[in-house]
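Reviewing the structure listed below.
The values are calculated or read from the model by the stated rules, or taken from the named source; none is laboratory data. Nothing here was measured: the structure is a model prediction, and the numbers come from that model. All Cβ positions, even for glycine, are placed from backbone atoms using ideal geometry, and neighbour counts span all protein chains on display. What goes into the accessible areas is simple: the full protein's heavy atoms, side chains included, and nothing from ligands, DNA or RNA. Shrake-Rupley method; radii C 1.70, N 1.55, O 1.52, S 1.80 Å.
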Amino acid sequence: MKIGIMGGTFDPIHLGHLATAEAVRESFSLDEILFIPAARPPHKLGKLVTDEKHRLAMTILATRSNKFFKVSDMELKRTGLSYTLDTINELHKIFGSSTELFFIIGADSLADLFKWHAAKELVAKCHFIATTRQGVDVDFSAVEKFFGAAAREHIHRVTTPGLEISSTDLREKIRLGRSIKYLVPEAVEEYILKEKLYDD
Ligand code: ATP
Ligand code: MG
């Protein structure tokens, strides 16, 4: 089994996340993509994050029309900070050691990977797929220098269709009363309106 992991705060989940996950699934022949909403990402500690029940509900709504997409609440159920290493260890326990895990990250996050908790152990235990937009260049030599041989075997780069959508922009649009149509799945738009999220 080859499983892709899409982690994020998904506040809210948008078509950028979904299109990227689908493109990666196809190009790496993954059996499924697991969307894992993050509880308290260490790099977003100071920021306000929407209640996890809403972020989980939107992630489920957004992914339900794709039979290869699954959602896990494992990080939400865990107490303390969300560390990817804990998630990878837990997934290896669930799926067994013969299952290969592919963690999907944006190219911008690749440049910061060396700062992640237990970064080298993490790169030894799972694959990373860094999604690059056309024309966006990442300095891979710095990544290789830090991670050594493991980088060549376990860190992959792929060009995905660039959708210039971010959750930050979506929250701002909603706050200003502007349309988010065609940027999030319809069911997510309806959920946001029904629950009056992001409009204060
Ligand atoms: P925020 O603006 O709140 O930081 P975001 O849109 O960046 O939200 P996250 O939940 O932080 O979304 O992102 C989860 C993952 O999805 C990250 O690896 C991020 O790089 C990636 N990602 C976010 N937006 C896009 C996009 N438009 N295209 C491809 N990947 C994306
Ligand atoms: Mg982000």
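Points to keep in mind about this one:
- With protein chains left intact and a 1.4 Å probe, residues in the stretch 2-164 average 50 Å² of accessible area per residue.
- Estimated 222 nm signal from helices in the chain, with DSSP H stretches of n ≥ 4 weighted -39500 (n - 2.57), rounded to 500: -11500 deg cm²/dmol
- Long-range amide H partners of residue 71 with built H, under 5 Å: 35
- Furthest towards positive pole of dipole, 128, 81, 104, structure part the stretch 2-164, Cβ charges: 81
- Across the stretch 2-164, the mean sequence separation of Cα contacts (distance under 8 Å, 6 or more residues apart), normalised by length, yields a relative contact order of 25 percent.
- Lysines with Cα under 21 Å of residue 77, excluding same-chain neighbours fewer than 8 positions away: 44, 47, 53, 93
- Given charges at beta-carbon only (K, R positive; D, E negative), |dipole| of the chain in Debye: 220
- Apportionment of accessible area to carbon and sulfur, the stretch 51-200, percent (1.4 Å): 50
- Sequence ranges 59-69, 156-166, ranked by mean other-Cβ count within 10 angstrom, highest first: 59-69, 156-166
- Set of aspartates and glutamates with alpha-carbon distance to residue 196 below 13 Å, sequence-local pairs under 8 removed: 51
- Built amide H within the under 5 Å cut-off of residue 162, gap 5+: 134
- Protection proxy ranking of 120-133, 182-195, by the mean of other Cβ atoms within 10 Å over each peptide's residues and highest first, is 120-133, 182-195.
- Rounded if a/c under 1.5, otherwise prolate or oblate - the stretch 2-164, Cα gyration tensor axes: rounded
- In order along the stretch 53-67, the phi-based Karplus estimate (6.51 cos²θ - 1.76 cosθ + 1.60, θ = phi - 60°) of 3J(HN,Hα) comes to 5, 6, 5, 5, 4, 5, 5, 5, 4, 5, 9, 6, 8, 10, 5 Hz; Gly and Pro are listed as x.
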